[in-house]
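Taking it in order: structure first as structure tokens, then the write-up.
Derivation of every value follows stated rules applied to the coordinates shown; laboratory data play no part. All values derive from a computational prediction rather than experimental measurement. Here the Cβ positions follow ideal geometry from the backbone for every residue, glycine too, while neighbour counts run over all protein chains shown.
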Amino acid sequence: MKVAIVILNWNGRALLERFLPSVIAYSQGANIYVVDNASSDDSVNFLKNEYPQIGVIQNTTNGGFAKGYNDGLQHIDADIYCLLNSDVEVTPNWLNPILGTFNNISEAAIIQPKILDLNRKEYFEYAGAAGGFIDKLGYPFCRGRIFQALEKDEGQYDDTKEVFWATGACMFIKKDVFNLLNGFDEDYFAHQEEIDLCWRAKNNGHKVYYVGNSKIYHMGGSTLKNMDPKKTFLNFRNSLYSITKNLPGKRAFTIVFLRLLLDGIAAMRFIFQFKFNHCIAILRAHLSFYVNFRKLYKKREKANFLLKYYSTTSIVWSHFVHQVKNFNILVKD
């Protein structure tokens, strides 16, 4: 299989300088590309001068994560794309377990490795951890990470397992599947577009896997911190987008109604925490959802909708009421 490691960059000269050496050292047999999202720093000149062996693709505008990859991948020939964040340190032999899984499980279309925290290497990292899931109301969480609670890596997820979604921090996807799905939905701009992509893939009969024998270290928060109001806006809005697009009509309307109510409770919680900007971000997310609803509804998939998409009824209830912080003790439905 022809593998292309594709790093999206926007004003990330310092990140490229820090993290590219490990990618080059431990990715023998793969071609490496950087897709630049119209950076205003000297990222492109740095790459051309210091790493002439790396392919550089220059987008004319910064369309965020979704459009950035959609535009850049059009210029790359490969069987497997590895979409890799610019703030990732890879490890020896990280590619072989992934490629082996593609070879051994024909229905595997999307795969992620184990994602550990670069700053606390014994802990899972927020963006992906040991594979992503959602609850019945569409809230995302991971093995190894429930909301802000991160588990210590003690080998509990050293397996190969089908999951619901793979992280955009390091996502391997077959080129033909990416093209079949028309890539990422560019209306998302950034955050949770990978959940939507995986959901659409599963609705079309493909499978998503986590491979624990491959590990990388993710710094995280290089573009937006976990508790940045803009990220709050994108996460709340884009989650509503995905529910509307990927569930059968009657169920989608029911879940969206419940989510709007719970989002209101989350907004009140931010007020009590004096995080007023986050409350405003949720209100803006709802307004954006209403404005774009007709457009979203037209995007609903023609394929059979996935009947069982969730692994637990309410991650919010489990975590905030029952204080569940570890995936392994969640009540599965």
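If only the Cβ of Lys and Arg carry +1 and only the Cβ of Asp and Glu carry -1, the dipole of the chain around its Cα centre is close to 1340 debye. Counting beta carbons within 10 Å around each of 286, 191, 322 and listing the fewest first gives the order 322, 286, 191. Figure legend: label point modelled 7 angstrom from the Cα of residue 300 along Cα→Cβ; residues of the stretch 245-266 with amide N under 15 Å from it are 245-257.
Over all other residues within a Cβ to Cβ distance under 15 Å of residue 31, the charged ones net out to 0, with Lys and Arg as +1 and Asp and Glu as -1. Find which of 32, 129, 78 sits farthest along the positive direction of the dipole of the stretch 3-218, computed with +1 on the beta-carbon of Lys and Arg, -1 on that of Asp and Glu, about the Cα centre. Highest projection toward the positive end goes to 129.
Of the GluC sites (Glu not before Pro) in the stretch 88-133, the ones in a loop by DSSP (not H, G, I, E or B) with at most 16 other beta carbons within 10 Å are 107, 122. Cross-link pairs exceeding 23 Å between alpha carbons, from the set 121/275; 207/308; 67/202; 67/152; 136/325: 121/275; 67/152. A Förster radius of 22 Å combined with the Cβ-Cβ distance from residue 293 to residue 204 puts the calculated FRET efficiency at roughly 0.40. Any idea what angle helix 193-203 forms with the longest principal axis of the chain, computed on alpha-carbon atoms, 0 to 90 degrees, nearest 10? Between the helix axis and the principal axis of the chain, the angle is about 80 degrees. In loop segments of the stretch 1-45 as defined by DSSP, the trypsin sites (Lys or Arg not before Pro) with at most 14 further C-beta atoms inside 10 Å of their C-beta are 2.
Ranking 23, 113, 272 by how far each Cα lies toward the positive end of the dipole of the chain (charges on Cβ) leaves 272 at the top.
Counting other Cβ atoms within 10 Å as a rough exposure proxy, the listed residues 244, 61 run 61, 244 from fewest neighbours to most.
Relative to the longest principal axis of the Cα atoms of the chain, the long axis of helix 229-246 makes an angle of roughly 80 degrees. Projecting the Cα positions of 320, 282, 297 onto the charge dipole of the stretch 274-326 (unit charges on Cβ atoms of Lys, Arg, Asp and Glu, taken about the Cα centre) puts 297 furthest along the positive direction.
Only one of the values [x] 53, 42, 40; [y] 67, 67, 44; [z] 60, 45, 35 was calculated from this structure for Cα extents along the principal axes in Å; name its label. Computed from the coordinates, Cα extents along the principal axes in Å corresponds to [x]. Is any residue of the stretch 4-42 close enough, with backbone N under 16 Å, to a label point placed 7 angstrom from the Cα of residue 58 along the Cα-Cβ axis, and if so, which? Residues 9-13, 34-42 fall inside that zone. Residues 332, 230, 215, ranked from the fewest to the most other C-beta atoms within 10 Å, line up as 332, 230, 215. About its Cα centre, the dipole of the stretch 229-329 is roughly 440 debye, where the only charges are +1 on Lys and Arg Cβ and -1 on Asp and Glu Cβ.
With r as the distance between the Cβ atoms of residue 182 and residue 91 and R0 = 25 Å, compute the FRET efficiency 1/(1 + (r/R0)^6) and round to 0.05. Calculated value: 0.15.
The label-point distance for residue 159 and residue 329, in a model that sets each label 7 Å from Cα toward Cβ, rounds to 1.8 nm.
Of all chymotrypsin sites (Phe, Trp or Tyr not before Pro) in the stretch 260-304, which ones are in loop regions per DSSP and have a Cβ with at most 16 other Cβ atoms within 10 Å?
On the way: sites: 270, 272, 274, 276, 289, 290, 293, 297; in loops: 274.
In loop regions of the stretch 260-304 (DSSP not H, G, I, E or B), the sparsely surrounded chymotrypsin sites (Phe, Trp or Tyr not before Pro) are 274.
The modelled label-to-label distance between residue 316 and residue 26, using points 7 Å beyond Cα along the C-beta direction, is 3.8 nm.
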